[in-house]
1. Take the Cβ-Cβ distance between LYS268 and LYS51 as r, set R0 to 30 Å, and report the resulting FRET efficiency rounded to the nearest 0.05.
2. Pairs LYS255/LYS480; LYS483/LYS575; LYS132/LYS236; LYS112/LYS132; LYS208/LYS383: which exceed 21 Å Cα-Cα?
3. For segment 140-258, with only Lys/Arg (+1) and Asp/Glu (-1) charged at the beta-carbon, what is the dipole magnitude about the Cα centre, in debye rounded to 20?
4. Show ILE284, ILE357, ILE177 ordered by accessible area, largest first, where the area counts protein heavy atoms only and the probe is 1.4 Å.
5. How high is the FRET efficiency between MET102 and SER390 when r is their beta carbon distance and R₀ equals 45 Å, given to the nearest 0.05?
6. Compute, for THR46, the solvent-accessible surface of its heavy atoms (probe 1.4 Å) with the complete set of protein chains present, and express it in square angstrom to the nearest 10.
7. If I compute solvent accessible area with a 1.4 Å probe over the protein chains, what percent of it on segment 61-186 is carbon and sulfur?
8. Please work out the average accessible area per residue across segment 250-394, using the 1.4 Å probe convention, and give it in Å².
Amino acid sequence: MENYTTNKSVLSWIEDKVALVKPDNIVWIDGTNEQIEALRAEGCSTGEMIKLNQELLPDCYLHRTAVNDVARVEARTFICTKTKAEAGPTNNWMEPGAAYEMLYDIARDSYKGRTMYVIPYSMGPVGSKFSKIGIELTDSIYVVLNMAIMTRTGLDVLKALGDSDDWVRGLHCKCQIDPEKRYICQFPQDNTIISVNSGYGGNVLLGKKCFALRIASYQGWKEGWQAEHMLILGLKKPDGQIRYICAAFPSACGKTNLAMLIPPEGYKKNGYEVWTVGDDISWIRKGPDGRLYAINPENGFFGVAPGTNEKSNPNALKSTMKGAIFTNVARNLDTNTVWWEGLDKNPPVNAEEWTGIKCNGVEWKAEGKNLAHPNSRFTAPAKNCPCLSSEFENPQGVPISAFVFGGRRAKLAPLVYQSRDWNHGVFVGATMASETTAAAAGAVGVVRRDPMAMLPFCGYHMADYWQHWIDIGKTLDPDKAPKIFNVNWFRKDDEGNFMWPGFGDNLRVLEWIIKRCEGKVDAQETAIGYIPYAKDINREGIEDEVSLESLDSILDVDKALWKDEAAGIEEFFKKFGDKLPAELKESLATLKANLG
Ligand code: OXD
Ligand code: MN
């Protein structure tokens with residue numbers, strides 16, 4: 001071990017964990033292609049990985065998780081702070097001593113007959129002041145191969161770490177994939193993550209949700225920065241200027257699609273371009289000029305496969321064509337390629353559905369069954385993305401003009417509105433609600449409050465997190481602070497049809513948002529904030545799809561519905577008791593007064 005690092009905190013922690021889990025071998029992930037290639041081959045030899053058609057999908061592989069292990073498990077995810085009060089009412093909590101004891105009992109001897117992979121990784125460009133380092137121990141080749149896409153891995157990370165003990169400890173043990181003993185535990189006060197009995201992405205790629213959101217949100221609170229569940233996109237305007245937007249949506253609500261948006265024809269002609277900096281997570285800090293800057297700490301995309309196609313997101317699709325891993329999608333046995341619902345209208349006849357059952361895909365679909373799991377995923381290197389921003393590796397990040405919150409709401413929330421100011425914007429984010437999706441285990445389509453899309457990812461008390469947002473706002477010059485908006489692409493009419501085309505046409509809304517940031521367009525003040533005049537949302541090219549009347553109706557603020565919403569917010573806020581920031585209480589009072 002001494003060959004790779006002399007860092008005592010690293011060596012002694014690994015020694016301890018080796019004594020606990022007792023691997024047969026230890027392999028350090030060095031960041032070389034040769035090692036990755038050897039691990040792919042080994043994964044294929046055991047059936048853990050399936051090599052796909054190397055002409056059509058070079059360096060691409062398929063992996064199937066256990067059927068009981070297909071999504072993040074929020075009910076089994078814990079924040080282990082010293083006191084329950086520190087974790088707050090929206091997190092599951094376990095006392096750290098008891099949690100370690102239980103987890104160590106589960107993990108003990110679990111690597112016997114297995115190899116321990118030691119993955120040094122950096123979240124953010126190696127060496128950037130924004131970046132943070134982690135080390136994940138895992139007994140899964142699938143995890144190693146995914147981490148090698150999603151993060152910067154290898155020995156140069158250890159060099160950047162030097163002797164510091166400022167790094168996040170991560171222990172992952174597949175164990176028996178027993179759902180009854182599955183735990184995803186974060187110890188923010190110890191910079192530690194332990195995940196046992198799962199092999200599914202969000203539960204086991206510890207750099208992502210566990211570190212870059214749960215642990216990092218806590219670090220950000222302590223250190224004066226923010227970790228958010230937000231995409232970052234750069235919108236290049238006809239004048240050549242690029243404006244950056246960070247947007248928070250709950251899981252599987254289209255962050256990847258928005259981040260890689262293709263402008264409608266008319267916009268393209270006028271010189272609009274969209275550049276992707278990130279599709280899931282932002283780390284945000286104030287820069288020397290007083291503006292907020294964001295980096296994407298990840299190095300790849302862990303996107304939802306179903307619904308991704310040439311029309312909805314050609315850039316994501318292209319990103320998956322080389323060096324990608326597919327999880328729980330279907331396989332076309334004639335071509336040895338992959339398929340999922342919404343890829344095209346031709347399910348493979350000679351197919352394996354996501355668990356590996358051979359079937360006639362056409363008949364299978366005719367019986368109403370899915371070929372791919374609804375939460376099947378692709379893990380794709382960011383560098384494959386045709387619209388990857390030239391600022392992707394910028395260690396200083398990009399300056400943020402606007403924060404956008406949003407969710408899936410068939411009714412109520414208008415297409416877009418702007419908050420009156422920063423604190424009201426925090427209220428808008430704090431009271432976000434969305435219909436649940438397949439990204440987490442549990443019922444789908446139920447409306448739940450998901451503040452800033454951080455409900456499953458906030459590593460401390462949600463009221464402290466809101467206060468942190470308010471405190472950050474106090475340090476910003478209002479002229480330099482990002483403006484805050486809310487969007488809803490998912491409004492439905494009474495027949496259940498979507499009223500807004502979404503996808504590339506969402507640029508029409510982003511255009512309005514940027515114009516508001518630049519003070520170039522008026523808006524009407526309503527009970528909930530500033531709403532566009534319908535005439536100011538460009539409909540050129542979609543006049544047939546969205547009439548002015550229908551645009552008016554998705555911009556409408558229905559006071560009766562909003563009164564119910566205010567009552568729901570009041571109920572939700574009760575959970576936080578005295579810790580609810582006064583600014584949020586005030587915003588609620590204003591909303592109620594405005595609604596009359
Ligand atoms: C994700 C999620 O995987 O939010 O990004 O579930
Ligand atoms: Mn996410």
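1. Efficiency, rounded to the nearest 0.05: 0.20.
2. Where the Cα-Cα span goes over 21 Å, the pairs concerned are LYS255/LYS480; LYS483/LYS575; LYS132/LYS236; LYS112/LYS132.
3. Dipole size: approximately 420 debye.
4. Heavy-atom accessible area, descending, gives ILE357, ILE177, ILE284.
5. That gives a FRET efficiency of 0.45.
6. Probe radius 1.4 Å; accessible area of THR46 about 100 Å².
7. The computed percentage sits at 51.
8. I get 38 Å² per residue for segment 250-394.
The values are calculated or read from the model by the stated rules, or taken from the named source; none is laboratory data. Just so we're clear, the structure is a prediction, and the values are computed from it rather than from any experiment. Reconstructed Cβ throughout: ideal geometry from the backbone, glycine too, with neighbour counts over all protein chains shown. Ligands, DNA and RNA are excluded from the accessible area calculation, which covers all protein heavy atoms including side chains. Shrake-Rupley method; radii C 1.70, N 1.55, O 1.52, S 1.80 Å.
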